[in-house]
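Here is the structure we will look at.
The values are calculated or read from the model by the stated rules, or taken from the named source; none is laboratory data. Since we're looking at a predicted model, the values are computed, not measured. Cβ sites come from the backbone with ideal geometry, for glycine too, and all protein chains shown count toward neighbours. Side chains are part of the model used for accessible areas, which takes the heavy atoms of the whole protein and leaves out ligands, DNA and RNA. Shrake-Rupley method; radii C 1.70, N 1.55, O 1.52, S 1.80 Å.
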Amino acid sequence: MVTMQDVAERAGVTKQTVSNVIRGRGAVSPATAARVRAAVEELGYTPNLVARSLATGATKTVGLFVPTVTGSFYAAIVEEVEDVLDENGYHLLLCTTRLDGERAKRHLAGLTSRSVDALLIAGDRDLIDHLPLLAEASFPVALCAWETDAPDRFPVVTIDYERAGYLAGRHLRELGHERVAVLASPDHAPRVAGFRRAFAADGLTVPDTAVHFAPEPTPAGGFTAATTALTADPAITALFATHDVLALGALEAARAADRSVPHDLSIVGHDDNPEVGVSRPALTSVAIPKREMAREAVELLLRALTRPGTPANSLQLLRPELIVRDSTGPAGSTSPAPT
């Protein structure tokens, strides 16, 4: 096995100089650093990260919590975080909560016995009640994709979800829709509030009876919620789904109810995941800059590691954008009459 001493002898420097080059510390001339890196490459030397962490207390590892990696939203966040860490010489420790609060709590508690330099938590559904476990964390913590009230203790990089709902509502209002329904997950209150605000601006109300909660965040859950909405009020001309997966289920529910999309029923989704562009019809959706959000959040953490004193209670909201496709159209006169 190639050792650091072997590299030092090949480069004609001390072992400490090799350590300084690898760790990016100490004053080493560019010429000397180049010789060390060449020796590392020639010998195929791989630093012993475990030994380094014992000696320095740093592991060059950042933890990431996500609810799941099965959907494209969180998969994109994981990929972006890993790319940023790789660019900066860090490694990723990934934990999934899988919509299980107790699992999330166990993972958080376990971090006290794991070696991470920083932690990023994406999504608030399973972890919001367990953040006190991190009150005394010795490493920086940041939050992203956070929709509930952001805690003051940690910096947050997230989306303006209320505006996302507003964009969906404003689009439907501009198309002349008045009688609408919302297909929602219980934790998407800001999206629903923004949607209602768009209608309220024109003196219209989206009542509680028009908000239908999906039993699960899947196409099947969207199918169930949309079927309920169309049965409860056959006169509705548009649906807003707070998840794209719910909107995909709504498309199937519309077909089952013999409702033509978009001619007598418009559907708007949220997230603009890749699959919505190939649905039939292609789905109008509110796009959120998930990769930008993930990159800015992890870069914030890395700055906190190199420059202590990063604001602990900063809040950064990124702006969503409406992507209009084929699933929305003007409110027509072909929708069924109220029963």
Original post:
If r is the Cβ-Cβ distance from residue 2 to residue 34 and R0 is 25 Å, what FRET efficiency results, to the nearest 0.05?
Top reply: 0.85
**OP:** Note the full-extension length gain between residue 216 and residue 16 as 0.36 nm times their separation in residues minus their Cα-Cα distance, in nm to one decimal.
**Re:** 66.4 nm
**OP:** For the chain, report the accessible area per residue in Å² (1.4 Å probe, heavy atoms, rounded to an integer).
**Re:** 47 Å²
**OP:** Kindly express, to the nearest 10 degrees and within the range 0 to 90, the angle between helix 161-174's C-alpha long axis and the longest C-alpha principal axis of the chain.
**Re:** 30 degrees
Original post:
Want the number for residue 174 to residue 83: 0.36 nm per residue separation, take away the alpha-carbon distance, what's left?
Top reply: 28.8 nm
Original post:
What is the distance in Å between the Cα centres of the stretch 261-332 and the stretch 152-226?
Top reply: 14 Å
Original post:
How many percent of the accessible area of the stretch 70-197 is carbon or sulfur, using a 1.4 Å probe?
Top reply: 45 percent
Subject >> FRET efficiency for residue 232 and residue 148, using Cβ-Cβ distance with R0 set to 35 Å, rounded to 0.05 >> reply: 0.80
Subject >> Degrees, to the nearest 10: 101-110 long Cα axis against longest axis of the chain >> reply: 10 degrees
Subject >> Spatially proximal lysines relative to residue 15 (Cα-Cα < 18 Å; intrachain offsets below 8 disregarded) >> reply: none
Original post:
For helix 219-232, what angle does its Cα long axis make with the longest principal axis of the chain, in degrees from 0 to 90 and rounded to 10?
Top reply: 20 degrees
Original post:
Between residue 94 and residue 27, 0.36 nm times their residue separation minus their Cα-Cα distance comes to what?
Top reply: 20.7 nm
Original post:
What is the calculated FRET efficiency for residue 202 to residue 326, with r their C-beta to C-beta distance and R₀ = 41 Å, to the nearest 0.05?
Top reply: 0.95
